[in-house]
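To start, the structure under review is shown below, and the notes come after it.
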Amino acid sequence: MVFDRMKKENFEQIVYCNDPKVGLKAIIALHSTVLGPATGGCRMWNYKDEDAALTDVLRLSKGMTYKAAISGLKWGGGKAVILGDSKTEKTPEKLRRFGEYVEKLGGHYITAKDVGIDCEDLKIIKTKTKHILGIEGEKGSSGDPSPATAWGVYHGMRACVKNAFGAESLDGLTIALQGLGSVSYYLLEHLMADGAKVVACDIDEEKVSRTARKYNIETIRPEAIYDVRCDVFSPSALGAVINPETLPRILMTQAKIVAGAANNQLATPEMGDALMRSEILYAPDYAINAGGLINIYHEQESIGGYSRERAFEQVRQIGNTIAEILRLSKDRKVSSHVIADQMAEERVRKASE
Ligand code: NAD
């Protein structure tokens with residue numbers, strides 16, 4: 001029933017890569033190349049079966065189409081998965097063979113890093129294909145994506161604050177920050193400089209103390225983050241944190257905004273509608289956290305090669321994108337996550353005319 005699935009969600013192409021000699025089984029999904037090459041990282045994961053791998057690669061590649069489109073990039077959405085345990089089954093032969101498959105697609109798919117594939121692996125893949133980006137440390141690389149992601153989340157958050165409170169800065173507002181990982185580390189710098197008060201948590205004690213040493217913030221137990229009185233709840237650790245169990249608690253905190261770096265923040269789309277009914281502004285995750293993708297986009301030689309200044313200027317525009325999503329959401333009385341999807345789909349539709 002693969003064709004039915006492709007038809008239902010407008011998938012252009014799925015490539016099954018199979019080389020028993022080196023033991024490679026991989027799937028490359030090109031959801032859309034309407035706006036440009038289908039771009040998205042390669043994940044290596046020990047899926048329970050082939051169908052689970054296909055489901056994952058389809059979902060992720062479609063997500064990339066939306067993320068690139070909402071960010072105004074001339075990129076489509078793609079993704080690759082290599083089936084197998086990245087700790088025990090990864091070999092240079094498999095990676096090289098995967099690179100050959102990418103190369104054969106002639107630039108219609110651009111690969112990068114994802115779960116289970118690191119920079120050393122990318123270097124091996126690169127021996128076989130030019131269509132690869134995001135190799136940190138290499139000449140022309142955009143480096144760690146986290147500072148760019150943080151920059152985008154900060155501007156997206158400011159757009160929410162402007163909409164909710166009419167304020168030009170975060171001065172005096174309380175942010176409940178869930179997760180003190182790479183993105184939050186850089187995000188905190190902007191939040192503090194803008195005068196915000198931050199209450200944060202992480203399950204990793206080491207990260208909590210590292211951050212508390214550097215910034216003057218309050219830290220609390222991870223489970224208590226949903227009960228902190230705040231203006232902005234910022235999910236920046238893991239997905240599905242807006243769910244039927246947490247939502248009533250977040251409502252009690254008086255938060256007016258949900259804006260953070262995490263992917264897939266809404267456990268179900270209905271949670272987006274529930275936030276709207278509760279008059280909480282939600283910055284759609286894939287729009288606000290696109291800074292890393294925008295940053296890597298600027299590595300392309302075709303647009304002049306990497307310039308941090310140009311890349312960060314475009315990342316800053318995430319603020320305008322979020323402002324536009326919130327404006328349309330209010331005007332049309334439609335949840336912001338639905339508006340974001342509509343805007344992305346509209347861009348793809350227009351480009352295909
Ligand atoms: P990270 O792994 O560096 O940080 C995540 C942190 O969350 C870790 O410190 C972890 O200990 C903590 N954590 C896990 N479960 C938690 C819990 N229940 N409560 C509190 N803390 C918890 O990841 P990151 O790169 O900072 O990314 C953060 C989020 O943003 C992730 O969802 C990621 O997918 C998303 N994202 C990141 C980027 C990027 O450029 N790094 C880009 C887009 C989206």
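The values are calculated or read from the model by the stated rules, or taken from the named source; none is laboratory data. Quantities reported herein were computed from a predicted structural model and do not represent experimental measurements. Virtual Cβ from ideal backbone geometry, glycine too; neighbours counted across all protein chains shown. Protein only, heavy atoms only, side chains kept; ligands, DNA and RNA dropped before computing areas. Shrake-Rupley method; radii C 1.70, N 1.55, O 1.52, S 1.80 Å.
Any residue in the range 206-223 that is in the same structural domain as Gly195 (by TED's automatic domain parsing) sitting within a Cβ distance under 6 Å of a residue that is modelled with pLDDT under 95? List the pairs, counting only those 6 or more apart or interchain.
Thr219/Ala212
Take the residues in the range 208-238 that are touching a Ser or Thr at 6+ places or on another chain (Cβ under 7 Å) and open to solvent by 50 Å² or more (accessible area, probe 1.4 Å), then tell me which one is farthest from the ligand (Cβ to nearest atom).
Arg229
Evaluate the range 95-103: report whether one residue or more is open to solvent by less than 50 Å² (accessible area, probe 1.4 Å), in a helix (DSSP H, G or I), among the β-branched types (Val, Ile, Thr) and not assigned by TED's automatic domain parsing to the domain that holds Ser336.
yes
Is it fair to say Gly106 is open to solvent by less than 10 Å² (accessible area, probe 1.4 Å) and not hydrophobic (A, V, I, L, M, F, W, C)?
Values: open to solvent by less than 10 Å² (accessible area, probe 1.4 Å): no; not hydrophobic (A, V, I, L, M, F, W, C): yes.
So Gly106 fails the test.
With respect to Val161, is the statement that it is within 16 Å of the ligand (Cβ to nearest atom) and open to solvent by less than 50 Å² (accessible area, probe 1.4 Å) true? Even if it seems obvious, please write down each step before you answer.
Values: within 16 Å of the ligand (Cβ to nearest atom): no; open to solvent by less than 50 Å² (accessible area, probe 1.4 Å): yes.
No.
For the list (1) within 23 Å of Asp56 (Cβ to Cβ); (2) touching a residue at least 60 places away in the same chain (Cβ under 8 Å), I need the number of the one condition that Gln265 fails.
Only one criterion in (1) within 23 Å of Asp56 (Cβ to Cβ); (2) touching a residue at least 60 places away in the same chain (Cβ under 8 Å) is unmet by Gln265, namely (2).
One residue is enough: does the range 125-146 have a residue meeting the conditions in a strand (DSSP E or B), within 14 Å of the ligand (Cβ to nearest atom), in contact (Cβ under 8 Å) with a residue 40 or more places away in the chain and under 20 Å from Ser182 (Cα atoms)?
Here is the first cut: in the range 125-146, the ones in a strand (DSSP E or B) are 132.
Okay, now just the ones that are also within 14 Å of the ligand (Cβ to nearest atom), so none.
Among the residues of the range 125-146, not one is in a strand (DSSP E or B), within 14 Å of the ligand (Cβ to nearest atom), in contact (Cβ under 8 Å) with a residue 40 or more places away in the chain and under 20 Å from Ser182 (Cα atoms), which makes the answer no.
From the set of residues in the range 271-285 that are under 20 Å from Tyr154 (Cβ atoms) and open to solvent by less than 30 Å² (accessible area, probe 1.4 Å), which is farthest from the ligand (Cβ to nearest atom)? Can you show your working first?
First, pick out the residues of the range 271-285 that are under 20 Å from Tyr154 (Cβ atoms): 280-285.
Then keep just the ones that are open to solvent by less than 30 Å² (accessible area, probe 1.4 Å); that gives 280, 282-285.
Numbers: Ile280: 20, Tyr282: 16, Ala283: 13, Pro284: 13, Asp285: 8 Å.
Checked the range 271-285; the qualifying residue farthest from the ligand (Cβ to nearest atom) is Ile280.
Could you pull out the residue among Asp51, Asp56 that is in contact with a Lys or Arg (Cβ under 8 Å, 6 or more places away or on another chain) and either in a helix (DSSP H, G or I) or not polar (S, T, N, Q) (or both)?
Asp56
In the range 254-270, which residue that is away from the ligand (no atom under 16 Å from the Cβ) and open to solvent by 10 Å² or more (accessible area, probe 1.4 Å) is nearest to His337 (Cα to Cα)? Quick ask: steps written out before the conclusion?
Here is the first cut: in the range 254-270, the ones away from the ligand (no atom under 16 Å from the Cβ) are 254-257, 268-270.
When the remaining residues are screened for being open to solvent by 10 Å² or more (accessible area, probe 1.4 Å), the result is 254, 256, 268-270.
Numbers: Gln254: 21, Lys256: 16, Thr268: 11, Pro269: 8, Glu270: 10 Å.
Checking each candidate, the answer is Pro269.
Residues being surrounded by 18 or more Cβ atoms within 10 Å (Cβ to Cβ) and either small (Gly, Ala, Ser) or near the ligand (Cβ under 9 Å from one of its atoms) (or both): count how many of those fall in the range 187-207.
6
Just to check your reading of the model, which residue among Glu313, Glu324, Glu301 is under 25 Å from Glu270 (Cβ atoms) and of a type in the set (D, E, K, R)?
Details: Glu313 fails: under 25 Å from Glu270 (Cβ atoms); Glu301 fails: under 25 Å from Glu270 (Cβ atoms).
When all the criteria are applied, what remains is Glu324.
Would you please list the contacts, defined by Cβ atoms under 9 Å and residues six or more apart or on different chains, that run from a residue in the range 173-193 that is without any contact (Cβ under 8 Å) to a residue 60 or more places away in the chain and in the same structural domain as Gln254 (by TED's automatic domain parsing) to a residue that is polar (S, T, N, Q) and within 7 Å of the ligand (Cβ to nearest atom)?
Every condition considered, the pairs that remain are Leu180/Ser236; Gly181/Ser146; Gly181/Ser236; Ser182/Ser146; Ser182/Thr149; Tyr185/Ser146; Tyr186/Ser146; Tyr186/Thr149.
Are any residues in the range 239-253 without any contact (Cβ under 8 Å) to a residue 60 or more places away in the chain and surrounded by fewer than 22 Cβ atoms within 10 Å (Cβ to Cβ), and if so, which ones?
Quick first cut of the range 239-253, residues without any contact (Cβ under 8 Å) to a residue 60 or more places away in the chain only: 239-240, 242-252.
Matches in the range 239-253: Gly239, Ala240, Asn243, Pro244, Glu245, Thr246, Leu247, Pro248, Arg249, Leu251, Met252.
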